[in-house]
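Below is one structure, written out as C-alpha cells; the observations come after it.
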Amino acid sequence: MNNIRATLAIVWRIAIPYFRSEDKWAGRGLLAAVVAMELALVAINVLVSQWQNRFFTAIQEYNLARFVTEIWIFLGLASVFIALAVYKLYLNQWLQIRWRQWLTRHYLGEWLDEATHYRMQLTGDAADNPDQRITEDVKNFVEQTLVIGLGLLSSVVTLASFVVILWGLSNKAPLHLYGTDIVIPGFLFWCALLYAVLGTALTHWIGAPLINLNFEQQRFEADFRFNLVRVRENSEQIALLKGEGAERGRLLDRFGFVIGNWYAIMGRTKRLTAFTASYSQAAVIFPYVVVAPAYFAKSIQLGDMMQTGSAFGSVQDALSFFVSAYRSIAEWRAIVARLDGFEMSVDSAANLPAHQATIELKAAGGSRNIGLEKLCVYLPNGKPLVAADGFAIQTPERVLVTGPSGSGKSTLFRAIAGIWPFGTGSIVVPAQAKLMMLPQRPYFPVGALGDAVIYPAAPGAFQASQIRDAVIAVGLPDLADRLGEDGHWNRMLSLGEQQRLGLARALLHVPDYLFLDEATASLDEPSEARLYRLLAEKLPQATIVSIGHRSTLDAFHTRKVAMVKDGAVHVLGKDGAPVEPEPSTAR
C-alpha cells in the first residue's frame, strides 16, 4: 500500500504541472471531454445490457415485432457507441501529443538549463540515459497514464452501474442458505466480487516481480543502445586501434544482460499469462453456472440469464481491472520510477548539496576586468585542484596560461565560464561581457554547415556572405561553397579543420573575452601563427586567454602565467611575467 501511495504521489507531481501550465485550458478541456465520453460509453453498455434482456426474451417468446424493434434500437446504440469511441480516441491522442509536447519542453528546459546536463555528467548521473527519459519514457508515461487512469475510471463507474443490475437479477432468483429459508441478498454480486478478489490477489502474487524486471530491462536496453552510439561516434579511433574485437566483446557483454533479464521476464510472464488466461476463460462460463439452477427451475427467463452473464462479465471485468492490466501497470510503474529518478538527478545537479560549496559568479558593473578572488576549484569528489587569489585578466591583454597536464587549466576555464560549480571563492566578470570558450575539439550540430559555424546563434543570424568570409579567412576556401550542405561535421572534418571553423565562429560572434583551450593544437605552427595574427587583426578589442604548451605561442601574448604546484593544488600566479613579442613572428 505504501508503494502504491508513493507511486501515485510521484505521478501527481509529474502530471499536475501540465494542467496548471499555460496550456492548462486546452489540456483540461480535452481531458474533460475524454472523461465524459468514457462515461457515456459505460452508459451505453448499461443500455445494451438492458437491451440484451429484452432481445433474448423476444426470441424466447417468438415475438417477431419486438425482435425487429430491438434490432433497430441496437443499431442506434451501436452508431452512438462507434461515434463516441472514434472521437474519444481522437481527443485522447490530441491530449497525449499536447501533454507530451509540454512535458518534453519542460524536461529539455530543466536538463539544458545552466549547464545542468554537464553537471549530471560530473556527478555521475549521465549514465541514467537522459535521452531515453525525454523520448521513450515521456511518451509512454503520457500514454499509459491516460490509458490506466481512464481504464480505472471506467471500471469504477461500470462496477457501480452493473452492481445495481446484478443485485436486481439476484432478487429474481434468490439464493437460500443450504437447508434454511435465509436469502443471500445480491448473491450474484458477491460471487463476482469473490471471483475478482481471488483473481487480483493471485495475479499480484504471480506478477509482482515483473515491475522490477521491466525496470531493469529498460535500463539494460538503454545501456546497450548508448554503447552502440559510442562505437559509432568513435569509429575512427576504434578502427585505428584495431579495437573491433574488444568492442564486440563489450557490446555482447552488455547485450547479455538484455538477454538474461528478458528470459526472466519470459518465465514470469508465462506463469502470469497461464493464470490470467485461465481466469478469463473460466469467467465466460462461471455466471451461467451460477444462474443455471434458477433458469432450469423456470424462475427466470432466457433474457434474464443472458443479461446476468453480460452484467456479471461487466462487474467481473471492472473488479478484475488490475488482473487484466497488470503487465501495463508494472511497465507504467517502472516508467514512473525512471522519470522520478531523472527529475531527482536534474535537481541534484542543479542544486548541489551544502557540503559541495559552489563558486560564486559576480557581475561587476564598473570594472572591465575578470577577477579571481580567494578561488579554490575542486574536483567533484571534493579534492582541491586549482587556487587563485587576487588574479585579474585585464582588457584587452593577451594571456598565455601554461602548466603540466592535469594541473587544472581547462577546469579553471570551465569555472570562469560558469559551468564548473565545485569550489569556493568568487569569479568577477564584467556585466554584459560576452565570453566565448573554444575547446580543443569544438562542437558542431548536425545540419547545414553554415548553421554549424554560427552555433549557438539561430539560423539566419548572420548573412551568408559574412559566414563565407569568415570561413575563407581561417583558411578553408573549399568549405566556403558548402555552407548549405547538411552533414555530421564533427565526423566529416579533420580536427584541424574543426579548429579552424571554431576560430571562424569566434570571428563572427566577436566576443569580449575569448578563451582558447588548446584550440589550435592540431594545426602546424605556421598555420597557428597565421590564425593568431588573424585574431589580433579582426578582434583587436578582445581579451584573449590561451592554454598551450608550444613555446611559439609566447610571441602572440603579452603575459604568461604558469600553474605552479603548491602542496595539493596548483596555484595560478598573481602576476605573470610580460612576454616581449618577437618582431619576426608577431607581425
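Brief remarks on what is shown
- Exactly one residue out of GLN101, GLN96 is part of a helix (DSSP H, G or I) and either at positive phi or surrounded by fewer than 16 Cβ atoms within 10 Å (Cβ to Cβ) (or both): that is GLN101.
- VAL42 falls short of the stated requirement of being under 28 Å from HIS106 (Cβ atoms) and assigned to a helix (DSSP H, G or I).
- Among the residues here, LEU91 qualifies as surrounded by 15 or more Cβ atoms within 10 Å (Cβ to Cβ) and assigned to a helix (DSSP H, G or I).
- Qualifying positions in segment 467-478 - among the charged types (D, E, K, R) and either over 18 Å from GLN499 (Cβ atoms) or not in a helix (DSSP H, G or I) (or both): ARG468, ASP469
- Residue count, segment 396-419 (criterion: in contact with a Ser or Thr (Cβ under 7 Å, 6 or more places away or on another chain) and either at pLDDT below 85 or surrounded by fewer than 17 Cβ atoms within 10 Å (Cβ to Cβ) (or both)): 2
One line per residue, one yes/no per condition, for (1) assigned to a helix (DSSP H, G or I); (2) of a type in the set (A, V, I, L, M, F, W, C):
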{"site": "ASP451", "(1), (2)": "yes, no"}
{"site": "ALA458", "(1), (2)": "no, yes"}
{"site": "ALA461", "(1), (2)": "no, yes"}
{"site": "ALA480", "(1), (2)": "yes, yes"}
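- Answer from SER320, SER328 - the residue that is polar (S, T, N, Q), within 16 Å of VAL147 (Cα to Cα) and at pLDDT below 70: SER320
- Condition check for TRP205: assigned by TED's automatic domain parsing to the domain that holds MET306, at pLDDT below 80 and part of a helix (DSSP H, G or I): no
- Pick from segment 507-564, criterion part of a strand (DSSP E or B) and small (Gly, Ala, Ser), ranking: nearest to the chain's Cα centre (by Cα): SER546
- Long-range neighbours under 6 Å by Cβ, at least six apart or interchain, first residue surrounded by 11 or more Cβ atoms within 10 Å (Cβ to Cβ) within segment 270-290, second among the polar types (S, T, N, Q): ALA283/GLN316; PRO287/THR308
- Some residue of segment 373-395 being closer than 17 Å to GLU518 by Cα and either touching a Leu at 6+ places or on another chain (Cβ under 9 Å) or surrounded by fewer than 20 Cβ atoms within 10 Å (Cβ to Cβ) (or both): no
- In segment 244-251 there is no residue that is assigned to a helix (DSSP H, G or I), touching a Gly at 6+ places or on another chain (Cβ under 7 Å) and either touching a residue at least 12 places away in the same chain (Cβ under 8 Å) or of a type outside the set (Lys, Arg) (or both).
- When the residues of segment 464-515 are filtered to those that are under 24 Å from VAL229 (Cα atoms) and aliphatic (A, V, I, L, M), the one that is surrounded by the fewest Cβ atoms within 10 Å (Cβ to Cβ) is MET492.
- Residue match in segment 92-101 (condition: aliphatic (A, V, I, L, M) and without any contact (Cβ under 8 Å) to a residue 60 or more places away in the chain): yes
- Qualifying residue in segment 209-228 (condition: more than 27 Å from GLY341 (Cβ to Cβ) and in a helix (DSSP H, G or I)): no
- The residue pairs whose first member lies in segment 526-546 and is assigned by TED's automatic domain parsing to the domain that holds TYR513 and surrounded by fewer than 20 Cβ atoms within 10 Å (Cβ to Cβ), whose second member is basic (Lys, Arg) and assigned to a strand (DSSP E or B), and whose beta carbons are closer than 9 Å, counting only pairs six or more residues apart or on different chains, are ALA536/ARG398.
- Selection of segment 409-455 for residues being closer than 22 Å to HIS117 by Cβ and of a type in the set (Gly, Ala, Ser) yields SER410, ALA415, ALA417, GLY418, GLY423, GLY447, ALA452.
The values are calculated or read from the model by the stated rules, or taken from the named source; none is laboratory data. Everything numeric in this text was worked out from a predicted model, so none of it was measured. In this analysis, Cβ positions are derived from the backbone assuming ideal geometry, glycine residues included, and neighbour counts consider all displayed protein chains.
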